[in-house]
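The values are calculated or read from the model by the stated rules, or taken from the named source; none is laboratory data. Remember, it's a predicted structure, so these values are computed and weren't measured experimentally. Neighbour counts run over all protein chains shown; Cβ positions are idealised from the backbone, glycine included. Ligands, DNA and RNA are excluded from the accessible area calculation, which covers all protein heavy atoms including side chains. Shrake-Rupley method; radii C 1.70, N 1.55, O 1.52, S 1.80 Å.
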Amino acid sequence: MPPIPGSGLAKGLAVTLRTMTRKTVTAQYPDTQPELPPRSRGVIGLFEENCTVCMLCARECPDWCIYIDSHKETSPPAAPGGRERSRNVLDRFAIDFSLCMYCGICIEVCPFDALFWSPEFEYAETDIHELTHERDKLREWMWTVPEPPALDPGAEEPKEIAAARKAADKLAAQRAQEQQEQRNQQDEADEKNRDGKNQADETGGTP
C-alpha cells in the first residue's frame, strides 16, 4: 500500500508538538556543574611516590603520549658486607593530553597504583603545548581523585589490609607474650622474697 501523501510531514509535526509541551532539560553549564557518573574519565593524576619508572605505562600507551625520563642512583649497603643497590629515580613524567584518547590502559597496567582517574575535565588551553602536563601538574590532579567506592560487604578483604592486620596481630601477640613473661618473672621474684622473709621469721634471723 503506497504511503499517504503528507504522512511524513504529519509525523514530524507531531514530534515537534510533543517536544514543545515538555519541560526543557538543558543543563546550565558552566553556572551549574554536571553530575558526573562514577569512574568518569577526566584527567590522569600521578602519585609520584608509587612510581618505580618501570615504563609499562609508556610502552603500553597506544598513542605514545607518555614521556618518562629517569636516572639510576646507587645506595650503600644496608649492613656491613652487603651489596650496593641501584634504583631508578624519576626525572620527568609527562602526559600529552592533546594526543591522549583516554583509553585508560596506562592506569590499568600500572602495577604500583601510581596513576588514577580524576573526574576533572575543565583544563582546556588556548595553546596546544599547554596540554602537556608535567609531573608537578599531574601531582596536583591527585587532589581531585575521588575516594574509592566501598567494598561489597561480602567481598574478600584486600590483600594489603589483610597482610597489615596479620602483622599487627602478630606484633600484638608478641607484646602480650612479653608482658606475660615479665609478670611471671615478677611473680617468681615476689614469691622468692616472701619465702626468704618467712624463712627469716622462722629462724629469727636474716635469710
Residues satisfying the stated conditions in region 128-151, i.e. open to solvent by less than 100 Å² (accessible area, probe 1.4 Å) and within 15 Å of Arg92 (Cα to Cα): Thr132, His133, Glu134, Arg135, Lys137, Leu138, Arg139
Just checking, does region 148-164 include any residue being assigned to a strand (DSSP E or B) and acidic (Asp, Glu)? no
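In the list Ala10, Ala78, which residue meets the criterion of being more than 25 Å from Thr132 (Cβ to Cβ), touching a strand residue (DSSP E or B) at 6+ places or on another chain (Cβ under 9 Å) and aliphatic (A, V, I, L, M)?
On the way: Ala10 fails: touching a strand residue (DSSP E or B) at 6+ places or on another chain (Cβ under 9 Å).
After ruling out the rest, the residue left standing is Ala78.
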Among the residues in region 190-197, are any out of contact with any strand residue (DSSP E or B) (no Cβ under 6 Å at 6 or more places or on another chain) and open to solvent by less than 80 Å² (accessible area, probe 1.4 Å)? yes
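A quick yes/no check of all residues on (1) open to solvent by less than 70 Å² (accessible area, probe 1.4 Å); (2) under 21 Å from Ile66 (Cα atoms); (3) at pLDDT below 95:
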| site | (1), (2), (3) |
| --- | --- |
| Pro80 | no, no, yes |
| Leu90 | yes, yes, yes |
| Ile95 | yes, yes, no |
| Asp113 | no, yes, yes |
| Glu125 | no, yes, yes |
| Pro153 | no, no, yes |
If you go through region 107-135 one residue at a time, how many are more than 14 Å from the chain's Cα centre (by Cα) and not β-branched (Val, Ile, Thr)? 14
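So that you can scan it fast, the table gives a plain yes or no per residue for (1) part of a loop (DSSP other than H, G, I, E, B); (2) touching a Ser or Thr at 6+ places or on another chain (Cβ under 9 Å):
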{"position": "Tyr102", "(1), (2)": "yes, no"}
{"position": "Glu108", "(1), (2)": "no, no"}
{"position": "Phe112", "(1), (2)": "yes, yes"}
{"position": "Phe116", "(1), (2)": "no, no"}
{"position": "Glu122", "(1), (2)": "yes, no"}
{"position": "Thr126", "(1), (2)": "yes, no"}
{"position": "His129", "(1), (2)": "no, yes"}
{"position": "Lys137", "(1), (2)": "no, no"}
{"position": "Trp141", "(1), (2)": "no, yes"}
Looking at (1) closer than 20 Å to Gly104 by Cβ; (2) without any contact (Cβ under 8 Å) to a residue 12 or more places away in the chain, which is the only condition Gly45 fails? (2)
Within the group Leu56, Leu46, which residue is among the aliphatic types (A, V, I, L, M), over 23 Å from His129 (Cα atoms) and under 21 Å from the mean Cα position of the chain (by Cα)? Leu56
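Out of Pro76, Pro80, Pro62, report the one residue that is over 27 Å from Phe116 (Cα atoms), without any contact (Cβ under 8 Å) to a residue 60 or more places away in the chain and out of contact with any Asp or Glu (no Cβ under 8 Å at 6 or more places or on another chain).
Numbers: Pro76 fails: out of contact with any Asp or Glu (no Cβ under 8 Å at 6 or more places or on another chain); Pro62 fails: over 27 Å from Phe116 (Cα atoms).
Of Pro76, Pro80, Pro62, the one residue that is over 27 Å from Phe116 (Cα atoms), without any contact (Cβ under 8 Å) to a residue 60 or more places away in the chain and out of contact with any Asp or Glu (no Cβ under 8 Å at 6 or more places or on another chain) is Pro80.
Conditions (1) closer than 30 Å to Val89 by Cβ; (2) open to solvent by 70 Å² or more (accessible area, probe 1.4 Å), marked per residue:
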position: Leu17; (1), (2): no, yes
position: Ala27; (1), (2): no, yes
position: Thr32; (1), (2): no, yes
position: Val53; (1), (2): yes, no
position: Leu56; (1), (2): yes, no
position: Cys65; (1), (2): yes, no
position: Pro76; (1), (2): yes, yes
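Report whether or not Glu178 is more than 30 Å from Val43 (Cβ to Cβ), surrounded by 10 or more Cβ atoms within 10 Å (Cβ to Cβ) and among the acidic types (Asp, Glu).
On the way: more than 30 Å from Val43 (Cβ to Cβ): yes; surrounded by 10 or more Cβ atoms within 10 Å (Cβ to Cβ): yes; among the acidic types (Asp, Glu): yes.
So Glu178 passes the test.
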Of all residues in region 20-60 being of a type in the set (A, V, I, L, M) and not in a loop (DSSP other than H, G, I, E, B), which is modelled with the lowest pLDDT? Met20
